[in-house]
């Protein structure tokens, strides 16, 4: 999905804005608490619960809750396997994953696996005792 260019918005990093579910323990643990890692590669990170996220993406909360999203600097919104391919393509040591996800068979397998986990992420959070990071706020520079 292509939106209006967001290149001048300071809330979006040079590589894009990663949008995750801040109420999900798994999402908070694997994305929110590792925001410095992503920032090293030009991404900004924000929980979808921040009011400006729906406004900047033109997506409602129910759509944003379905999966992790990346708002690229040119205004494109990527999710699921496309999110992972884009992020992996920006991190030098993850480039093999980017290439692997470009192969149709692996793309289908990863998409099915991701969808399975995404639909059960709140149960996974409870079982693994992963707490949400509701207090996390994105760094807005």
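I'm checking my understanding of the structure. Among residues of the stretch 31-55 that are closer than 20 Å to residue 114 by Cβ, touching a strand residue (DSSP E or B) at 6+ places or on another chain (Cβ under 7 Å) and assigned to a helix (DSSP H, G or I), which one is modelled with the highest pLDDT? Filtering first and then ranking leaves 38.
Taken as a whole, the structure leaves residue 59 outside the set of residues that are buried (at least 16 other Cβ atoms within 10 Å of the Cβ), in a strand (DSSP E or B) and either modelled with pLDDT of 95 or more or more than 13 Å from the chain's Cα centre (by Cα) (or both).
Residue 28 passes all but one of (1) within 16 Å of residue 16 (Cα to Cα); (2) in contact (Cβ under 8 Å) with a residue 60 or more places away in the chain; (3) part of a helix (DSSP H, G or I); which number fails? Just one mismatch for residue 28, condition (1). Scanning the stretch 62-108 for residues that are part of a helix (DSSP H, G or I), free of Cβ contacts under 8 Å to residues at least 24 places away in the same chain, surrounded by 14 or more Cβ atoms within 10 Å (Cβ to Cβ) and in contact with a helix residue (DSSP H, G or I) (Cβ under 7 Å, 6 or more places away or on another chain) returns 85, 88, 89, 94, 97, 98, 100, 106.
The values are calculated or read from the model by the stated rules, or taken from the named source; none is laboratory data. Computed from a prediction, not measured in an experiment: that's the story for all the values here. In this analysis, Cβ positions are derived from the backbone assuming ideal geometry, glycine residues included, and neighbour counts consider all displayed protein chains.
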